[in-house]
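To start, the structure itself, in structure tokens.
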């Protein structure tokens, strides 16, 4: 890596931390990056050929476009198609069975984000003393 | 982000809220980790790589090399995948890359009309507009107008515009023209001028 590459990366890293949308940002929400990384990780884990995922993604986007043409306007969310394609391929590989994802999703929704973290913590939780 | 709403329909049968989709991704990740199909570390590492490490600066370095090394340029145009491998660049979605060269008479633009095929190893992840249906269809129908109106990038009438459709089999990217007045610049300085959009074909190379 060149020094320039490093510098550019640092700037890009700052850009990704900016709130809101920008055409420089590939991801609008953290879950999108997560879904992206999950698909690549599953591919690296040998769950499917990348082309299978590709086809599933094309299929999902194609259905959206057909529905869009008939006037059923669902908002466009690219990574939702990405997630749908991932579910399709993982079901195909046997990694995902039946409605276990629906069930787990309900559990996640029912669990408050800060479950078990309701008390105010007024002291530092770790201290590395001065020497 | 919209708030979760109560609906009688199961979440699979209606448009999900942003929060529900996020929960679904989280649920999927926890199932995959539980089953030992992947580890959190592997997912974190990938997210980190694609968010911060792979990006258009890699493509920019290849362009700068092509501008300064005519033999490399020839190899890049003959087989982009192999030429990029020479400089240690390659990986997923970079298997069959084709570089199309801009000239005084031809300007190239890339798109993926079916989904969002894109040469990740050199350009990083595609910007959101690249994935929007609006870009994917309009750049094919009226490239000159889209470049002018949506990107503020005016291509002279005398220059032909070619739009390339990337697929999973073949991924295109653009070798822009080296700007005039850059004879004294070295490879690293030249690379700084090469923008992501210049390699997509939707923007110019910066001027020094």
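Derivation of every value follows stated rules applied to the coordinates shown; laboratory data play no part. Worth saying up front: this structure is predicted, and the values here are computed from it rather than measured. Ideal geometry is used to build each Cβ from the backbone, glycine not excepted, and the neighbour counts take in all protein chains shown.
Per-residue shielding of B:38-46, expressed as the average number of other chain Cβ atoms within 10 Å of the residue Cβ, stands at 5. The sum of -39500 (n - 2.57) across all DSSP H runs of n ≥ 4, divided by the residue count of chain B, sets its helix-only mean residue ellipticity at 222 nm to -12000 deg cm²/dmol.
Here the peptides B:118-127, A:103-112 are ranked by packing, the mean other Cβ count within 10 Å, and the order with the highest first is B:118-127, A:103-112.
Share of pairwise Cα-Cα distances greater than 23 Å in the range B:55-200 is 32 percent (whole percent). Within the listed set B:31, B:155, B:139, the Gaussian network model of chain B (springs between alpha-carbon atoms below 10 Å) gives the highest mean-square fluctuation for B:31.
Using R₀ = 22 Å, calculate the FRET efficiency as 1/(1 + (r/R₀)^6) where r is the Cβ-Cβ separation of residue A:63 and residue A:102; round to 0.05.
Efficiency, rounded to the nearest 0.05: 0.70.
Annotation: the residues B:195, B:39, sorted from fewest to most other C-beta atoms within 10 Å of their own C-beta, follow the order B:39, B:195.
When each of the peptides B:166-173, A:83-90 is scored by how many other beta carbons lie within 10 Å of its residues on average, the order from highest to lowest is A:83-90, B:166-173. Relative contact order for the range A:35-108: 39 percent, from Cα pairs under 8 Å spaced at least 6 residues apart, divided by residue count. Between the range B:15-82 and the range B:172-208, what is the C-alpha centre distance in whole Å? Answer, in whole Å: 23. Take every Cα pair under 8 Å whose residues are at least 6 apart in sequence, average their separation, divide by the length of chain B, and the relative contact order is 23 percent. Among the residues of B:156-168, the average count of other protein chain beta-carbon atoms within 10 Å of the residue beta-carbon is 1. Peptide A:77-86 shows a mean partner chain C-beta count of 4 within 10 Å per residue C-beta.
For the peptides B:16-22, A:48-54, B:196-202, residues were scored by their other Cβ atoms within 10 Å and the scores averaged per peptide; the highest-first order is B:196-202, B:16-22, A:48-54.
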